[in-house]
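The structure under discussion appears below in the form of structure tokens.
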Amino acid sequence: MFPKVFRNLGDTQSHTNIQPYVDLAPVENVQMSEESSRPYAVGQGRTKRHRFAGRVRPEFGGTDRSLRDLIEGLGVIVWEADPTMRQFHFVSPHAEGLLGYSIRRWLAEPGFWLNHIVPEDRDRVVSICNAAASGEMGEDFECRMFAADGRQVWLRNILQVVRDEDGRILLLRGLMVETTEQKLNEEALRESRLRLQLMTEQVPAILWSTDAELRVTYLAGKSLPDLDLDARQIVGSRLSEYSKTGKSKLPPISLHLKALGGQSISYEVCSEGRTYQEHLEPLRNASGMIVGCLGVALDVTERKRAEEQARYLSVTDPLTGLANYRRLLDVLNAEIQRSGRTERPFALLFFDLDRLKNINDSYGHLVGSRALCRLGNVLRVCSRVIDTAARYGGDEFALVLPETERASAKQVSQRIAERLSQELEEPSLSASVGLAIYPRDGSTIERLFAVADKDLYGAKADKSRT
């Protein structure tokens, strides 16, 4: 459509006559130079200039009324101006509706258009217009113009240089097409892409997408270097091809196939000492058809470590590092259930650190705490992997010995006593011990502790008598 307009307007031999229509009226406060007050008319193969004043609007002569209807219905601004674009000779009516300035101002004020260009764009626009006026090839360009209400309107300008029969430049002709909405959409898209880029660069995550053939179409994320992954080597390759390189850090192909089938999948992957919580979704187009997979992997290593630390502290005595009372009860419950299935006994050794009050009074509480840790270390060293050493509370400790009879349990208690007596660190330590065997001495945790506690205080009484 636009080339047709240019072709009709540029035909100097055409019967179409585009002239400024002048309603003569008194002119007030209008200052014009001789040059700027002479609008241009096309039709006789040479330039005609006419003095004008008052209200000005475009008028079309000849029989080609459809050309006027076409220009007025285009929704664009059609214009003609001198080579410097400081004096417009013709501006189509759409300019007034789009920008709010009357056609009179466009035609009557020298430099009107350039003066209303946003200052940041003005030098570039002047440079382009000067290049066109000097005979260089004109170019399409975009700029911002202030509307009458203060808005900034984006305009795409399409230039055409008009020459006479001798090749001399007579004027510039062109179209102005509003592109404000397009520019706003482009800016919104740029901001969206920037936010996505900031996310992928700052959040410890990996984002990727594939097509329906599981070819990687996008891969980015701050965590890529942690896995020794290079997006440039992966994007464009199929997951099956990438897995042959020996660096198959991406999720299994089978899970992607499930996503292509419409499933949403969440799972965890451990790689290179890091833990990733990953999620796969089917990627759909605007019609809702599945065209690939969309995945995100979030590095949750630190969170997992914190959770593991919290779990450890919840079942661990903070002073000795042994199991705490809560963990001890869990182990005893588990052993009772297991013994019920296997009909094999287990032993409970109950220890009390002798003379802890005297140690605290004589050496201080730091040495007393150290004494508790020393007993805890001996219990740990003298235990098997399947055994559980725990701090019951205060100066009391317990040792659970699965699948152990009374005789074997007594040997363990004697070994612990000997190990304590052999330590060279002062003060010297000893511990009293009580013993209970499940299910012979009791079928509940409470009964086992009662029996072991009675046995322990019997051992203390024997020591006090000696």
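Tabulated data for the structure shown
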read-out: Candidates Asp462, Asp395, filtered to the one that is under 19 Å from Leu356 (Cβ atoms), without any contact (Cβ under 8 Å) to a residue 12 or more places away in the chain and of a type in the set (Asp, Glu); value: Asp462
read-out: Where Gly292 falls short, out of the listed (1) within 21 Å of the chain's Cα centre (by Cα); (2) closer than 22 Å to Lys222 by Cβ; value: (2)
read-out: Whichever residue in the range 80-89 is outside any strand (DSSP E or B) and on the phi < 0 side of the Ramachandran plot and, among such residues, is modelled with the lowest pLDDT; value: Thr84
read-out: Qualifying position, being touching a Cys at 6+ places or on another chain (Cβ under 7 Å) and among the small types (Gly, Ala, Ser), among Ser209, Ser192, Ser223; value: Ser209
read-out: Hits in the range 209-240 - residues which are among the hydroxyl-bearing types (Ser, Thr, Tyr) and at pLDDT 85 or above; value: Ser209, Thr210, Thr217, Tyr218, Ser237
read-out: When residues of the range 414-431 are limited to those that are within 17 Å of Phe397 (Cα to Cα) and touching a residue at least 40 places away in the same chain (Cβ under 8 Å), the one surrounded by the fewest Cβ atoms within 10 Å (Cβ to Cβ); value: Ser430
read-out: Scan of the range 350-372 for residues that are touching a Lys or Arg at 6+ places or on another chain (Cβ under 9 Å), more than 19 Å from Ala323 (Cβ to Cβ) and among the charged types (D, E, K, R), ordered by number; value: Asp354
read-out: Asp387 being more than 22 Å from Gln411 (Cα to Cα) and in contact with a strand residue (DSSP E or B) (Cβ under 9 Å, 6 or more places away or on another chain); value: no
read-out: Test: residue in the range 177-200 that is in contact (Cβ under 8 Å) with a residue 60 or more places away in the chain and over 30 Å from Gly295 (Cα atoms); value: yes
read-out: Candidates Leu319, Leu280 - the one that is under 30 Å from Ile445 (Cβ atoms) and in contact with a Lys or Arg (Cβ under 9 Å, 6 or more places away or on another chain); value: Leu319
read-out: Residue selected from the range 268-292 under the condition part of a strand (DSSP E or B) and among the hydroxyl-bearing types (Ser, Thr, Tyr), by the criterion farthest from Glu308 (Cα to Cα); value: Ser271
read-out: Qualifying positions in the range 197-210 - under 18 Å from Glu278 (Cα atoms) and surrounded by fewer than 16 Cβ atoms within 10 Å (Cβ to Cβ); value: Met199, Glu201, Gln202, Val203
read-out: Some residue of the range 271-290 being modelled with pLDDT under 95, closer than 30 Å to Leu399 by Cβ and surrounded by 15 or more Cβ atoms within 10 Å (Cβ to Cβ); value: no
read-out: Selected residue (only one of Ser127, Ser66, Ser92 is of a type in the set (S, T, N, Q), under 20 Å from Leu170 (Cα atoms), at pLDDT below 90 and in the same structural domain as Arg151 (by TED's automatic domain parsing)); value: Ser127
read-out: Asp361 among the charged types (D, E, K, R) and touching a Ser or Thr at 6+ places or on another chain (Cβ under 6 Å); value: no
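The values are calculated or read from the model by the stated rules, or taken from the named source; none is laboratory data. Being a predicted model, the structure only gives us computed values, none of them experimental. Neighbour counts run over all protein chains shown; Cβ positions are idealised from the backbone, glycine included.
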